[in-house]
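Reading through the structure tokens given below for one structure.
The values are calculated or read from the model by the stated rules, or taken from the named source; none is laboratory data. Model, not experiment: these values are computed from the prediction. Cβ sites come from the backbone with ideal geometry, for glycine too, and all protein chains shown count toward neighbours. Accessible surface is based on the protein model in full, side chains and every heavy atom, while ligands, DNA and RNA are left aside. Shrake-Rupley method; radii C 1.70, N 1.55, O 1.52, S 1.80 Å.
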Amino acid sequence: QVQLVESGGGLVQPGGSLRLSCAASGSIFSINAMGWYRQAPGKQRELFATITSGGRTNYADSVEVRFTIPRDNAKNTVYLQMNSLKPEDTAVYYCNAESIHNIDGSAMEAWGQGTLVTVSS
């Protein structure tokens, strides 16, 4: 069974950096676009960074320049490098795989379990 497992959340001071990882496991043939969402307390989940299988990226204005979304296709892993963090970046962060193609020919969307990032002094 395919699953996405996130790691790397925690507490960081304003202006600091943090790196999240999201690894897909299972009988995977390929993965299409992957992305990162976040949900702050009392707010809706929002998509803020995506990367295609070919490496094309797109960012929301709120994280442009500060965040990057590298991807290692050989490891079926996407990362989120967060720099210059602000208190308003505090949220639960979720990774998403738009379509995971399995070796048996099936395809599915998958979500990570979520990891909390708290930016506070």
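A probe of 1.4 angstrom, applied to the heavy atoms of all protein chains, finds Glu64 with accessible area near 90 square angstrom. Note that segment 68-85 has calculated 3J(HN,Hα) couplings of 9, 10, x, 9, 10, 5, 5, 9, 6, 10, 10, 10, 9, 9, 10, 10, 6, 5 Hz, one per residue in order, obtained from phi through the Karplus relation 6.51 cos²θ - 1.76 cosθ + 1.60 (θ = phi - 60°); glycine and proline are x.
Of all DSSP beta bridges confined to the chain, the antiparallel ones make up roughly 95%. In this rough spin-label picture, where each label sits 7 Å from Cα along the Cβ direction, the Ser62-Met108 distance is 3.0 nm. The listed residues Val65, Val119, Val5 rank as Val65, Val5, Val119 when sorted by accessible area, largest first, using a 1.4 Å probe. With the gyration tensor restricted to C-alpha atoms of segment 64-121, the semi-axes of the equivalent ellipsoid amount to 28, 13, 8 Å, longest first. Projecting the Cα atoms of Gln113, Leu85, Cys22 onto the charge dipole of the chain, computed from C-beta unit charges around the Cα centre, puts Leu85 farthest toward the positive end.
Carbon-plus-sulfur accessible fraction, the chain (probe radius 1.4 Å, protein heavy atoms only): 47%. Protein heavy-atom accessible surface, 1.4 Å probe, per residue over the chain: 53 Å².
Across all directions, the shadow cast by the convex hull of the chain built on its C-alpha atoms averages 7.0 square nanometres. Between Ser120 and Asn73, the simple label model (points 7 Å from Cα in the Cβ direction) yields a spacing of 4.1 nm.
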